[in-house]
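Here is the structure we will look at.
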Amino acid sequence: YETHFRARNLTGSQRVAQAVPSVAPGTAAKYFNKTECFCFTSQEFQPHEERELKLAFMVAPELPQYVDTLSLSYTYFSVPE
């Protein structure tokens, strides 16, 4: 599958940040495989810059049938210089 996330620097200064993913439910995380993700590298954002970021992933067919919804979220953390 392929999808996109939108990220924006809400500050008035340049930021270098790293996206950290979270999969819910947590038990399904081992069945979720990112093949292309903006979270693999730090991102540099200019003041108020907004951009669309690509994510490509696969869900293993072994995902238990009781899991009918996967939620993926990202939190950006500043990277120290």
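See the values below:
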{"item": "The range 37-81 - percent of accessible surface contributed by carbon and sulfur, probe 1.4 Å", "result": "52 percent"}
{"item": "Modelled label reach - Tyr31, point 7 Å along Cα→Cβ, the range 55-75 residues with backbone N closer than 15 Å", "result": "58-72"}
{"item": "Exposure ranking of Leu63, Leu53, Leu10 by accessible area [1.4 Å probe, largest first]", "result": "Leu10, Leu63, Leu53"}
{"item": "Stokes-Einstein translational diffusion, the range 1-41 - Kirkwood Rh over all Cα pairs, 0.890 mPa s, 25 °C, in µm²/s", "result": "194 µm²/s"}
{"item": "For a label point 7 Å along the Cα-to-beta-carbon line of Thr11, residues of the range 43-63 with backbone N under 18 Å", "result": "43-51"}
{"item": "Solvent-accessible area per residue, Å², over the range 21-81 with all protein chains present [probe radius 1.4 Å]", "result": "68 Å²"}
{"item": "The range 1-75: GluC sites (Glu not before Pro) in DSSP loop, at most 11 other beta carbons within 10 Å", "result": "Glu62"}
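The values are calculated or read from the model by the stated rules, or taken from the named source; none is laboratory data. No experiment lies behind these values; they were computed from the predicted model shown. Cβ coordinates were reconstructed from backbone atoms using ideal geometry, including for glycine residues, and neighbour counts include every protein chain displayed. Protein only, heavy atoms only, side chains kept; ligands, DNA and RNA dropped before computing areas. Shrake-Rupley method; radii C 1.70, N 1.55, O 1.52, S 1.80 Å.
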